[in-house]
Structures are given as structure tokens and as C-alpha cells.
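The values are calculated or read from the model by the stated rules, or taken from the named source; none is laboratory data. Nothing here was measured: the structure is a model prediction, and the numbers come from that model. Cβ placement follows ideal geometry from the backbone for every residue including glycine, while neighbour counts extend to all protein chains displayed.
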Amino acid sequence: MSTSFSSLPFVDLSALSSSTNPEENHKLGKQLYDVFSTTGFAYLVNTPLSFSHGEVLDLAREFFSLPMATKMEVAKHAFKKDNTNTYHGYFPPQPGSPDNLKEGFEIGPSEPPSDPAAVLHRDINLNEANVWPAESAYKSRHKLEKLHGELQALSYQLLSLLAVSLGKPAEHFAHYLQHSISTLRLLHYPPQEIKTANTARDEQEARLCCTPHTDSGILTLLHQDATGGLEVLNAAGAWIQAPYVADSIVVNIGDLMARVSGGRFVATMHRVKASIRGQGVGRMGRFSVPFFFEPGENCVIKSVDGDDEGVLYGHHVRAKMSSWVEFQGHEDGEERLPGRY
């Protein structure tokens, strides 16, 4: 279970690049086991990615520097009715909840499944093809596709190590890769003005750009910029800062992986403080790039203990969508937009 940690641990992934020594892999797997059974979060360093931390964040800055008209060309259907993409693409900042004060761009695998059986529902197609601005406007499509592939591969390497740490063969989670719908998300939180609050709760929410939550799925890998703002809740009820660490990726597990582990792992509550203008925040605000490793919609997810019937991933993720901010306030037949956080 979660402990009263005061900082996030570090996990060095050098062994993934330099060694296939079973003893080293076992040691790394045990370290990941310890991380996910205590804090649920860690910094990964010396990852096998070909992209530097700065290059990843530059991909986000490049996209959000595009004119709004260009970004809206690839907006999701909920924001531009002429477009048919419902899940991948751009979403603009919206008024209301602090969770809406961000803009984002999402892509999935570069080659979505062609098997119709892989798609559970077509109202919101989690397997739809990616949409892109014209190459003349945004030249980094292929870099983002490559980054998605590398983060997918890294996620599976981590899951293989976790499988062994849970007493299973390294390939125990291989079926998660079939028709995987993993999502790479670029996020931009514009700097906010300090608002007058009527209550203590209002004041807290006014200073958050991402309210407290746990992730819904299997594994999240996050690149965050030097603005920071990420905080993680420990067992004592204290919010612990998870500041920017150069050349690191923040990793955490979601609710479903906690279930898969038979309760051995913990999906930890976290939030992001708002980027307040004039408080050490850059002119552009905060950028982050989370990657959500997700199985295919028809993948049955079961506890490693074999003591449950499992859950169809597509049903799990669609049920979680009802709590995502992009789904709130849409009634009387209005369209709903799936999202993250």
C-alpha cells in the first residue's frame, strides 16, 4: 500500500540498454515492484529512448505555436462539427472547471487495427486513424509517430519486468499489445491569473490546472517541463511535490494495473498546480507530454492471482470516461468527448 513518502524514488534503466543479464533484469524488476507497491510513482532515468527530454517538449511547443485556425483544422468532432475524428486530434481550452484550462493534441498508433472486431463502439472510435495538420505547417509528424512507438516499446519492457516480479513469465502481458490503443498526448497549460476565491476550496481549485485523480489504465510515462507543478498524495494525506528533474520521465500506474497486481500495487492520487502568471512561470505557461499505455479494446484484463473473471478493457475505459472533465456537463443527447485527466 501507499506509504508516507516525502519524495519520489529514482529508477535507473541503464540495464535495458546495456545488458540482457537475467540477474540485472530481476534486480530492476524488484525495484519497480517496490516502487509501485509503496509510492506508485518514480523518476525513470537513463531510458533507452532516442529522444532527449528537451526534444520531446519541443514537439509540444512546436505544435501549440501553430495558429489556432491550423490547430482547429484537426480538432475533434465535439469542437468542430465538420470533422469526423472523435478521439484523436486537437482540443482547445474551455471555460469552466480548472481542468478545462488546457489545450491538447492526441495521437494513437500510426497503424490502427483494420479488424472491425477490434472496435467495440463507433460513436467514439478509440481505434480511429490519427489526424494531422498539413506537413507544410507542422513538420514533426514522423517524430511524434516514432516517439509513440518508442514509448510503447519501453512500456512493454517495464511490464515484462513487472510480470516477473509478480511471479509470472516475462511475456505474461504480451497480449496487451494486440490492437493496443495507447495514447500520446501533448498538453499546454497557459499561464493563469490569480483569481479571487470565495471559499478555501475555491482558492485551492483556482490554483490547480489538473484536479486530484488517479489514472485509469495500466501505465503512464510523463515528460514534464521545468515549470513543474505535479504533486502526489502520500498515505499521510500530504501532497508531495514531484518537481522537474532534467532528463527524467515520471512513471506511475493506473487503477487497472493496481487490480492486475492483485492489490500489490497502488494507483496514487495526484494533481497539478496551476501555472500562475508572474510566479516564475514562462510566458507560454506549462507543457507536458504524457503517454498512456493501453491494451486493445477487446483485451480481457485479469488479476495475476486468477481470482477474478477479468474486465474487457474497452468497457473499463469507457466507464472511466464519465468521470473525465471533457465528459461532464453533456446531457440531453449532447455529444461527449473522451479525454485524459
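In the range 56-72, which residues are touching a residue at least 40 places away in the same chain (Cβ under 8 Å), closer than 21 Å to ALA226 by Cα and surrounded by fewer than 18 Cβ atoms within 10 Å (Cβ to Cβ)? Result: ARG61, GLU62.
With respect to the conditions (1) loosely packed, with under 14 Cβ neighbours inside 10 Å; (2) in a loop (DSSP other than H, G, I, E, B); (3) within 22 Å of the chain's Cα centre (by Cα), SER6 lacks only one, and its number is (3). Can you say whether LEU186 is aliphatic (A, V, I, L, M), more than 22 Å from MET284 (Cα to Cα), modelled with pLDDT of 90 or more and in contact with a strand residue (DSSP E or B) (Cβ under 9 Å, 6 or more places away or on another chain), as far as the supplied structure shows? Against the criterion (aliphatic (A, V, I, L, M), more than 22 Å from MET284 (Cα to Cα), modelled with pLDDT of 90 or more and in contact with a strand residue (DSSP E or B) (Cβ under 9 Å, 6 or more places away or on another chain)), LEU186 does not qualify.
Going by what's in this entry, would ALA42 be described as among the hydrophobic types (A, V, I, L, M, F, W, C) and over 19 Å from the mean Cα position of the chain (by Cα)? Considered against the rule, which asks whether it is among the hydrophobic types (A, V, I, L, M, F, W, C) and over 19 Å from the mean Cα position of the chain (by Cα), ALA42 comes out as no. Within the range 124-151, the set of residues being of a type in the set (A, V, I, L, M, F, W, C) and touching a helix residue (DSSP H, G or I) at 6+ places or on another chain (Cβ under 9 Å) comprises ILE124, LEU126, TRP132, ALA134, ALA137, LEU144, LEU147.
Does GLU111 satisfy the criteria of being under 19 Å from PHE293 (Cβ atoms), charged (D, E, K, R) and at pLDDT below 90? Spelling it out, GLU111 is indeed under 19 Å from PHE293 (Cβ atoms), charged (D, E, K, R) and at pLDDT below 90. Can PRO116 be described as over 30 Å from LYS27 (Cα atoms) and modelled with pLDDT of 95 or more? Against the criterion (over 30 Å from LYS27 (Cα atoms) and modelled with pLDDT of 95 or more), PRO116 does not qualify. Does VAL325 fit the bill of being modelled with pLDDT of 95 or more and surrounded by 15 or more Cβ atoms within 10 Å (Cβ to Cβ)? No. So in the range 167-184, with the set limited to residues that are touching a residue at least 24 places away in the same chain (Cβ under 8 Å) and crowded, with 19+ Cβ neighbours inside 10 Å, which one is nearest to LYS146 (Cα to Cα)? For the range 167-184, the residue satisfying everything is LEU184. Contact map, the range 306-321: first residue at positive phi, second residue outside any loop (DSSP other than H, G, I, E, B) and of a type in the set (A, V, I, L, M), Cβ cut-off under 8 Å, separation 6 or more or different chains; pairs are GLY310/VAL300; GLY310/ILE301.
Does SER275 satisfy the condition of being more than 21 Å from PHE293 (Cα to Cα) and either acidic (Asp, Glu) or at pLDDT below 95 (or both)? So SER275 fits the description; yes.
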